[in-house]
Amino acid sequence: MEKSAEDKEKGTNVAVKGQAAIRPQFLTTKEKFHGFIDSEWQGSKGEKASDNDTAEEAKEICVEEPEAKKLKLDTEERTKAGNQDGKRLRGQNKSRPHTKPTAYDEKRLCLSVIQANRECPFGDKCHFHHDVAEYMASKPADIGQSCYLYSTFGKCAYGLSCRFAKAHTTPDFKTMENADLVKAREGRNPVKNSLSKDLQNRLRKRSVAFKKSEEYLKTLSNNRDKKEQQGNGKACVAEVSPNPTGGEQLLSTEAETQLQSSPDKQPPVKTVGPLTDADVIKLRPCEKKQVDFQDKLYLAPLTTCGNLPFRRVCKRFGADITCGEMAMCTNLLQGQQSEWALLKRHESEDLFGVQVEGCFPDTMTRCAELINNNTDVDFVDINSGCPIDLVYKKGGGCGLMTRTRKFEQIVKGMNCVLDVPLTVKIRTGVQEKSNVAHRLIPEMKKWGVSMITLHGRSREQRYTKLADWDYITTCSELASPVPLFGNGDILSYEDAMKARETGVSGIMIARGALIKPWIFTEIKESRHWDISSSERLDILRDFTNFGLEHWGSDTRGVEKTRTFMLEWLSFMCRYIPVGLLERVPQKINERPPYYMGRNYLESLMASQNVGDWVRISEMLLGPVPKNFNFLPKHKANAYK
């Protein structure tokens, strides 16, 4: 049922399919909402809002805002509307600007000057500035009076280039240090798993040894050769040999071949049934690190938004398990610094894993050995649920679910080389009406997976429609005793309670944590938290401080922090305060209508206009550069 023009003008609460139910007194229209936001913002800057602003101008302000929910068109109507292939545009804003943070620095100070005025190794060929007075005269104004890095660690590594430099700079441009704080934190490194220069050079020169991986890959090669021989009519028939215990023992073709070549040698392990080389060389379960996954709250590995500062925010609110963003195994093996940054772990993350994506047994096995030998993680996760075309079309992500043989080789290979548990994240299947997870899960148990996470949607669905928790329940029974975590549509403690009733071992939360990171507290305390706008701004302030610590407090770090904050705000704006709802709780697939908050900040945080997100970032990170441009990576596809 659509709203009439009269209802829209009055702001009355008429039920609209796919829209959240908000109390009538808070509802408003699009024009009134943006008129209020803009007039108040201009007023706060000391500028008088124009009384002659028309509705047309108000519409121009919010050009980047997602369109209202539309009914699904059939193929003919979509073709007439201009979409020739008849497909809906969905997923990502692929034409978004890719401006690098370095582009916002007009003049950059040489690192040799920042680091205690040491001699520049590049001499006259250096492109950066060495004249401190000239640099300070042209440097943008400081953002604030105090530097988070200086007040926390006793010194700021960014020195004069810091955007809060006045807090730790003397009048003669010398950087100060707080000796007591520096001494208190001496020898303490809060972030682990950084890529060393030595390892990076060895990876680039391909001089890193993968001994365990080569052993496993050799067995795959031998098995392949023997299958080819069998295909050529040279198959060997397994024999039954006498067993000293009085029974009979069936030897595999490989074990039989070993006996035929050297009759005096016995099989390396006595067993009933086929024996493979992989069985001989793999680690025993008792040698692997044990992790208790039972009844935990798991923050999903979120691409782009699931960065280290965001995970620290979620840890404060009670997330039990955290996982790094999806990393491409080939990029890790090539020593790419940007990819290795996804493996970094903060000291507050007590149960932490990394997620890798790949489609070939050799690269995935080597990558697992590389992670095992050079990082500190509690588990490694295989991404077999990524729906994006870039990954799927080459056979990775969801593509692994249709390539069972390769999937098996990858899991067994990674298990051979890892000293920590191996977990897998999957979807229900590729096609919407063709679930395959229930057939894969019993096989995964045989392969040696320590935990399975199931997202209750297919690749074709992406994030549309509701997650199928009945199917997750079925799969949970099939997975036992291997723990299975359910994922999909958790946005309140009531959703979490219903999910736990299905018998899953734990819950993974993805978009719910982006919309409201305090969801972990709500679940653990079994309550709805009517969080205030000032408390939400404090959460963003914590993220800002963590971002400056992680990415830096110079212009480059500030703008990188801002970009990731804006990506997060593209989800956080979907939150509707509990006190405004007519029906509690809010559902994840319901679009918020236009409403006025209980104060200006609450209204500002409800805006889905990119310009308003930028305004929020300016409260914490100062004004944006003149050439700043932003478009969120993800579209609000779940509402369509």
- Query: Can you give the accessible area of C126 in Å² (nearest 10), computed on protein heavy atoms with a 1.4 Å probe?
  - Reply: 30
- Query: Hey, what's the Kirkwood Rh for segment 297-529 if you take every pair of different alpha carbons, in angstrom?
  - Reply: 17.6
- Task: Place the peptides 356-363, 435-442 in order of packing, highest mean first, counting for every residue the other Cβ atoms within 10 Å and averaging per peptide.
- Result: 356-363, 435-442
- Message: With θ taken as phi - 60° and the coefficients 6.51, -1.76 and 1.60, list the Karplus ³J(HN,Hα) couplings across segment 178-184 in order, rounded to whole Hz; mark glycine and proline as x.
- Response: 9, 4, 5, 5, 4, 5, 5
- Inter-site label distance for K174 and D295 at 7 Å from Cα along Cβ, in nm: 6.0
- Amide H neighbours of K344 under 5 Å, at least 5 residues apart or on other chains, H built in the peptide plane: list them. none
- Roughly how much of D225 is accessible, in Å² to the nearest 10, using a 1.4 Å probe? 70
- Message: Taking amide H atoms as placed 1.01 Å from N in the peptide plane, list the residues 5 or more away in sequence, or in a different chain, whose amide H sits under 5 Å from that of S532.
- Response: none
- Hey, what's segment 111-188 come to in accessible area per residue, 1.4 Å probe, Å²? 67
- Item | Principal semi-axes in Å for segment 524-564 [√(5λ), Cα gyration tensor, largest first] | 28, 10, 7
- Message: Report D for segment 111-188 in µm² per second (integer): Stokes-Einstein, Kirkwood Rh on Cα pairs, 10 °C, 1.306 mPa s.
- Response: 117
- Ignoring ligands, DNA and RNA, what percent of the accessible area of segment 111-188 is carbon or sulfur (1.4 Å)? 53
- Separation of the N222 and L199 label points, Cα + 7 Å toward Cβ, nm: 3.1
- Applied in sequence order to segment 456-464, the curve 6.51 cos²θ - 1.76 cosθ + 1.60 (Karplus, θ = phi - 60°) yields integer Hz couplings, x standing for Gly and Pro, of x, 9, 8, 4, 4, 6, 6, 10, 7
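For the pair K626 and A137, what calculated FRET efficiency results from E = 1/(1 + (r/R0)^6), where r is the Cβ-Cβ distance and R0 = 22 Å, to the nearest 0.05?
0.75
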- Short version: ³J(HN,Hα) in whole Hz for each residue of segment 393-402, in order, from phi by Karplus 6.51 cos²θ - 1.76 cosθ + 1.60 (θ = phi - 60°), x for Gly and Pro, what are they? 5, 9, x, x, x, 4, x, 5, 5, 9
- Amide H contacts under 5 Å for T169, placed H, 5+ residues apart: M176
- At 7 Å along the Cα-to-beta-carbon direction for both E618 and R541, put a label point, then send me their distance in nm to one decimal. 2.0
- Message: Just to confirm, what accessible area per residue do you get for segment 297-529 at 1.4 Å probe, in whole Å²?
- Response: 31
- Using the scaling law 2.2 N^0.38 Å as the reference, what is the normalised Cα Rg of segment 527-640? 1.11
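The values are calculated or read from the model by the stated rules, or taken from the named source; none is laboratory data. Source: prediction; values computed, not measured. A quick note on method: Cβ atoms are made from the backbone with ideal geometry, for glycine too, and the neighbour counts reach across all protein chains shown. For the accessible areas, the whole protein counts, side chains as well, though only heavy atoms, and no ligand, DNA or RNA atoms are used. Shrake-Rupley method; radii C 1.70, N 1.55, O 1.52, S 1.80 Å.
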